[in-house]
1. Percent relative contact order of region 3-84, based on C-alpha pairs within less than 8 angstrom and at least six residues apart?
2. What residue among 34, 133, 233 shows peak mean-square fluctuation when the chain is described by a Gaussian network model with Cα springs under 10 Å?
3. Assuming R0 = 30 Å, what is the FRET efficiency of residue 91 and residue 279, from their Cβ-Cβ distance, to the nearest 0.05?
4. Determine the percent antiparallel among the DSSP beta bridges restricted to region 1-160, to the nearest 5.
5. Sorted from fewest to most neighbouring beta carbons within 10 Å, what does the list 4, 48, 245 look like?
6. Please give the residues of region 23-39, grouped as numeric ranges, whose backbone N is less than 19 Å from a label point set 7 Å along the Cα-to-Cβ vector of residue 267.
7. Based solely on its DSSP helices, what 222 nm [θ] is calculated for the chain when runs of n ≥ 4 H residues each add -39,500 (n - 2.57) and the sum is averaged over all residues, nearest 500 deg cm²/dmol?
8. Counting DSSP beta bridges in region 3-84, what percent are antiparallel, to the nearest 5?
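Throughout, read-outs are computed from the coordinates displayed, never taken from laboratory work. Quantities reported herein were computed from a predicted structural model and do not represent experimental measurements. As a convention, Cβ positions derive from the backbone with ideal geometry for all residues, glycine included, and neighbour counts pool all protein chains shown.
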């Protein structure tokens, strides 16, 4: 089936918006990436499942994404369908100290809602530019904390279109890992179990975390946060710095001089620039320390 016919049939099934040849550079924090054949902004979970079911029927590849904060899209873009989870209303159960957050909602938004209701546990997330769903899939973290520590349960859509509720303890949270991708689940909503604390103290910690982030990490240029996972017992940034890679540049992609585990888009960097730089950094670190760095970012497209 042609992508045009697929789009026409899909539009008859869903309520959300379909974008054609949508530049992925508009949907990633790196501001890099060629066009997606189609992008769906679903109105609800029914839209998601209708799109996935139709894509499977006709053999159309699909990708589900959140804020694109951990994504490098290659320069020719993405063939098939991209489903971008939309933000939604964050709800609070103050009696049970619970926060209910749709998968497409940004973590800093959820963290601030929690603070406004004197609920502590998400302060570390105030500076992480990830969606709830993406953060849970990758067990995002900062300041020694990670999202898996406060996940009570997650609503997911399985490969048969069934909605499941999974306890956080069943998601095998580890450093930058959960088993959600392996199981081919799509996160639709998360429930966070937090703790009561004075709102003024929570907001003070959040301010401190944001200030620490500004001091230690680059701001002002598009990036995707940490590019590499930290090897056991050390940090990727420290190894990259010691290998002499700070400031290393390919095209308009540059290893940050402020934090070596960040690669910046100085202006018009391409995915090819970034991937070339990644290989140079990996080779330099391996040559000096015999350590092969692993990517934390996900590379997609062609």
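1. Numbers: 158 pairs, mean separation 29.6, N = 82.
It comes to 36 percent, rounded to a whole number.
2. 233
3. On the way: r = 45 Å, r/R0 = 1.49.
Rounded to the nearest 0.05, the efficiency is 0.10.
4. 60 percent
5. 4, 245, 48
6. Residues passing the 19 Å test: 30-33.
7. -8500 deg cm²/dmol
8. Taking every DSSP beta bridge with both residues in region 3-84, the antiparallel ones total about 45 percent.
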